[in-house]
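The values are calculated or read from the model by the stated rules, or taken from the named source; none is laboratory data. Please read these numbers as outputs of a predicted model, since none were measured by experiment. Cβ atoms come from the backbone with ideal geometry, glycine included; neighbour counts cover every protein chain shown.
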Amino acid sequence: MKILITGGAGFIGSAVIRFLIENTQDTVVNLDKLTYAGNLESLETSINSDRYIFEHKDICDRQALENAFSDHQPDAVMHLAAESHVDRSIDGPSEFIETNIVGTYTLLETARSYWQNLDDARKSSFRFHHVSTDEVYGDLGETENADPFTETTAYAPSSPYSASKASSDHLVRAWQRTYGLPVVITNCSNNYGPYQFPEKLIPHMILNALQGKELPVYGDGQQIRDWLYVEDHAEALYKVMTEGKIGETYNIGGCNEKKNLDIVETLCNLLEEFVPEKKSSNISSYKDLITFVKDRPGHDTRYAIDNRKIEKELNWKPKHTFETGLRKTVQWYLDNETWWQRVLSGAYQLERIGDQKNAV
């Protein structure tokens, strides 16, 4: 196949491209605007492949999208391009509305026009895979016994980010119901792993600790998330695109529910093992850097994914436990200082983001 991937220079998108180049014979067209979180260095193992093509384009630009579809004639679309950081959405929601809602609409319309003009054989095999988040389902509440999210859980987004992703999910379903566009949707739990932009919790804590900076934890740190190793996610996404049933939604989780504070403390323990010599002489343990800060506005207490549908219907489940995945992640950041030092040489330098009165 030839697969057009939007947001392929981002964290999850680049993992998908690396998976495709290394494990399939498919050709990849990476369409990316290269915002602050897009980084072509995350694709250094893929860019020399003759099955990799890059298009520097914005999904909100209809003409640019039409040109890309016309030039490359894709057999499938994997839509990962999105603004994705909750704190940034609190501080500046307009970019999330523009990219996640208007951009998805523009991509859907371009794909629909392209798909309708394919011959019957290609038309019947075409797929539009929309990649989304478990945050659209809202908050499971404070009880750890509440049933996890399923594919039929009602939407109740809490943040501008999750509301914009919920909107895009609804658009995709509407384009399938109204126009017959062959779509599949996935909603995933929190991803972690190599090449993640360091505004997100796990790389943010690793890099702050290595530099002897405070490790800011929201509220009491008891918020619970399910964690999915990004390479497991990439494999699951390909499975859904190639084997998933048209019009269906598949939840993808890591089966690893962890409290935020426990994650930070586990990271500190791993760094004690890997890098016992600390930057700061004022601390005896990395845990001494943990600092509790005012909670994020509207902060959801717990997310959890029910994986049974994708496991039963597509025979997929994650390969990594949280312990193995986190160890690999810490080791990767230690081994790839050149990558993250270049990231931190730009506008973002591990500062707090979003509503400065509330955000980490």
For this session: Would you please name the residue that is farthest from Arg62 (Cα to Cα), looking only at residues in the range 14-44 that are among the polar types (S, T, N, Q) and within 15 Å of the chain's Cα centre (by Cα)?
Result: Ser42
Exercise. Which of the following residues is of a type in the set (D, E, K, R), out of contact with any Pro (no Cβ under 8 Å at 6 or more places or on another chain) and over 26 Å from Thr153 (Cβ atoms): Glu214, Glu248, Glu243?
Worked result: Glu214
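Which residue, of Arg225, Arg296, is in a strand (DSSP E or B), buried (at least 17 other Cβ atoms within 10 Å of the Cβ), modelled with pLDDT under 95 and of a type outside the set (A, V, I, L, M)?
Arg225
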Seminar exercise, completed: Within the range 160-209, residues being under 30 Å from Leu289 (Cα atoms) and of a type in the set (Phe, Trp, Tyr) number 4
Problem set entry | Residue among Ala111, Ala64 that alone is within 24 Å of Ile12 (Cα to Cα), without any contact (Cβ under 8 Å) to a residue 40 or more places away in the chain, touching a Leu at 6+ places or on another chain (Cβ under 9 Å) and not polar (S, T, N, Q) | Ala64
Seminar exercise, completed: Checked against (1) at pLDDT 95 or above; (2) within 18 Å of the chain's Cα centre (by Cα), Arg88 satisfies every condition except (1)
Exercise. If you take the residues of the range 174-221 that are of a type in the set (Ser, Thr, Tyr) and in contact with a Lys or Arg (Cβ under 6 Å, 6 or more places away or on another chain), which of them is nearest to Glu44 (Cα to Cα)?
Worked result: Tyr218
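I'd like to verify a number: residues in the range 266-281 that are within 12 Å of Leu210 (Cα to Cα) and either in contact with a His (Cβ under 9 Å, 6 or more places away or on another chain) or in a helix (DSSP H, G or I) (or both), how many?
6
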Exercise. Can you pull out the residues in the range 270-284 that are without any contact (Cβ under 8 Å) to a residue 24 or more places away in the chain and surrounded by 14 or more Cβ atoms within 10 Å (Cβ to Cβ)?
Worked result: Glu272
Exercise. Among the strands (runs of 3 or more DSSP E) contained in the range 1-99, which hold 3 or more residues that are of a type in the set (Val, Ile, Thr)?
Worked result: 2-6, 27-32
Seminar exercise, completed: Apart from one, (1) in contact (Cβ under 8 Å) with a residue 12 or more places away in the chain; (2) out of contact with any Phe, Trp or Tyr (no Cβ under 8 Å at 6 or more places or on another chain) all hold for Ile263; the odd one out is (2)
Problem set entry | Residue check for Glu151: under 20 Å from Ala64 (Cα atoms), at pLDDT 95 or above and not aliphatic (A, V, I, L, M) | no
For this session: Would you check if there is a residue in the range 36-53 being more than 23 Å from Pro203 (Cβ to Cβ), surrounded by 19 or more Cβ atoms within 10 Å (Cβ to Cβ) and hydrophobic (A, V, I, L, M, F, W, C)?
Result: no
Problem set entry | Verdict on Ala81 being of a type outside the set (Ser, Thr, Tyr) and more than 23 Å from the chain's Cα centre (by Cα) | no
